[in-house]
Amino acid sequence: MTLDSHLFESACDRGEFEQACRLYRTDFLAGFALPDCAEFDDWAFFRREALRGRLMHALERLVQDKTAAGEYFAATAHAGRLVELDPLSEVYGRHLIRSLLLAGDRSSAEQAAAKGLAKANKRLFKESVSLSWKLYMKYRVRYLRTFIQRFAREAVVSFLIFVLLVEFLLHQFHIELFVSGVAVLALAYIAEKIVSARLRTRRRQSHSRALFNGTRDLYSDYLVFLRARAIAQVATLGRDRVVAGSLSSGNGNPDETIPMQKS
Amino acid sequence: MSSGDLMTGFSFPTLGFPEIHGDISPIKLNLRKGLALLVYLAEAQGAVARDVMATLLWPESPRETIRARLRRMLHRIELTLGQQVFETDRSSVR
């Protein structure tokens, strides 16, 4: 059985990037997940990211090739797809704006620059809110759980002691009651120890998993933040230069500019 | 013999939601884990240890239980597809 993902990779290996980009309709296993199988989801996630990476590389090559061949409209289409895949990438934003300018579509280039800035701001706001909420929930849940566990343990022991005291005061001292009370306390203590030991094991497992996911999320949020900040700066710069009539080619040399084509 | 030789007359796009297409129409496989199993095996392009496959799909259950579940799953997939699609032995499946 031949999979389209394998066909896509073969096309990339052969250097047939147009064919590869046609084959890549959407992400690997898009919309498919097994919530109770974390390992499978992790495998699918890394496979998806690998394929997306190859697609981005193929699109970058296509943008370069088409621009070099003077096919600016085709380059614009591929650059647009790159921006859709990674809206916060300053490089892809610049590819799109450059291609649009070279194709003589100045108004779309201005729109792309403004859109990039708006998207970056929106995403940055959304991500920062989401990150703050995640951190808040993480700590709140942890402290709440500890508090409930402690309270429950203290409440059970206090209640038993209270019952024993009442028995002692109201009905005088009975050795049977005292012994049974102590036995109940001892049993409760042992049960609590067993339960908490089990909880600790489970918590350790879930904690290591949460730590991995949390680190991954935080890392990705941090990257998003950096990209958002970069694209916001570049988009502002790009917009100013578009308005001024020229745009930096983005290779780090501000003196090198692409002259605007008159539409 | 490769899985491609066994599984004839089907296409199985994985870019997007995975679906099995027969010669005429799509085949509805109402088993999410069955689809996951097919995707994983097809991507592996070779034999995968039964234990690896079973642990991937049923991570919480005991070993004997998940091996039995895997056997049943393979059987149900072949029933749905109407032909033999897996090559199996005691320790691996492809």
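Report whether or not A:Gly104 is assigned to a loop (DSSP other than H, G, I, E, B) and modelled with pLDDT of 85 or more. Write out each step before concluding.
Values: assigned to a loop (DSSP other than H, G, I, E, B): yes; modelled with pLDDT of 85 or more: no.
Taking the combined requirement at face value, the residue does not satisfy it.
Regarding B:Leu56, is this residue buried (at least 21 other Cβ atoms within 10 Å of the Cβ), of a type outside the set (S, T, N, Q) and free of Cβ contacts under 8 Å to residues at least 24 places away in the same chain? Step through it out loud before you land on a result.
On the way: buried (at least 21 other Cβ atoms within 10 Å of the Cβ): yes; of a type outside the set (S, T, N, Q): yes; free of Cβ contacts under 8 Å to residues at least 24 places away in the same chain: yes.
Yes, satisfied.
Within region A:36-60, take every residue that is small (Gly, Ala, Ser) and either buried (at least 19 other Cβ atoms within 10 Å of the Cβ) or within 8 Å of chain B (Cβ to nearest Cβ) (or both) and give me the one that is farthest from A:Phe8 (Cα to Cα). Spell out the reasoning first.
To start, the set of residues in region A:36-60 that are small (Gly, Ala, Ser) comprises A:38, A:44, A:50, A:53, A:58.
Those left that are additionally either buried (at least 19 other Cβ atoms within 10 Å of the Cβ) or within 8 Å of chain B (Cβ to nearest Cβ) (or both): A:38, A:44, A:58.
Numbers: A:Ala38: 26, A:Ala44: 16, A:Ala58: 10 Å.
Checked region A:36-60; the qualifying residue farthest from A:Phe8 (Cα to Cα) is A:Ala38.
Can you name every residue in region A:1-16 that is more than 14 Å from B:Tyr40 (Cβ to Cβ) and surrounded by fewer than 20 Cβ atoms within 10 Å (Cβ to Cβ)? Talk me through it step by step, then tell me what you get.
Going through region A:1-16, the residues more than 14 Å from B:Tyr40 (Cβ to Cβ) turn out to be A:2, A:4, A:7-16.
Hits for region A:1-16 are A:Thr2, A:Asp4, A:Leu7, A:Glu9, A:Ser10, A:Asp13, A:Arg14, A:Gly15, A:Glu16.
Which of the numbered conditions does A:Gly93 fail, given that it passes all the others? Conditions: (1) among the small types (Gly, Ala, Ser); (2) surrounded by fewer than 21 Cβ atoms within 10 Å (Cβ to Cβ); (3) at pLDDT below 90.
It fails just one condition, (2).
For region A:7-19, state whether one or more residues are farther than 30 Å from B:Leu41 by Cβ, more than 14 Å from chain B (Cβ to nearest Cβ) and aromatic (Phe, Trp, Tyr).
no
Determine if region A:96-109 includes at least one residue that is touching a helix residue (DSSP H, G or I) at 6+ places or on another chain (Cβ under 7 Å) and within 14 Å of another protein chain (Cβ to nearest Cβ).
No, because not a single residue in region A:96-109 is touching a helix residue (DSSP H, G or I) at 6+ places or on another chain (Cβ under 7 Å) and within 14 Å of another protein chain (Cβ to nearest Cβ).
So which helices (runs of 4 or more DSSP H) are wholly in region A:1-76 and hold at least 3 residues that are modelled with pLDDT under 90?
Values: elements: A:4-14, A:17-23, A:38-68.
Once the helices (runs of 4 or more DSSP H) in region A:1-76 are filtered for at least 3 residues that are modelled with pLDDT under 90, what remains is A:38-68.
Consider A:Ala33 against the criteria (1) over 23 Å from B:Pro13 (Cα atoms); (2) within 12 Å of chain B (Cβ to nearest Cβ): it satisfies all of them except one. Which criterion is unmet?
With respect to (1) over 23 Å from B:Pro13 (Cα atoms); (2) within 12 Å of chain B (Cβ to nearest Cβ), A:Ala33 is out only on (1).
Could you grab the pairs with beta carbons closer than 9 Å, sequence gap of 6+ or different chains, first residue in region A:102-114 and closer than 21 Å to A:Gln64 by Cβ, second one polar (S, T, N, Q) and modelled with pLDDT of 80 or more?
Close Cβ pairs satisfying both conditions: A:Leu102/A:Thr67; A:Leu102/A:Thr76; A:Ala103/A:Thr76; A:Asp105/A:Thr76; A:Asp105/A:Ser99; A:Ser108/A:Thr76; A:Ala109/A:Ser99.
The values are calculated or read from the model by the stated rules, or taken from the named source; none is laboratory data. The structure presented is a predicted model; accordingly, all values stated were derived computationally and were not measured. Backbone-built Cβ (ideal geometry, glycine too); neighbour counts: all protein chains shown.
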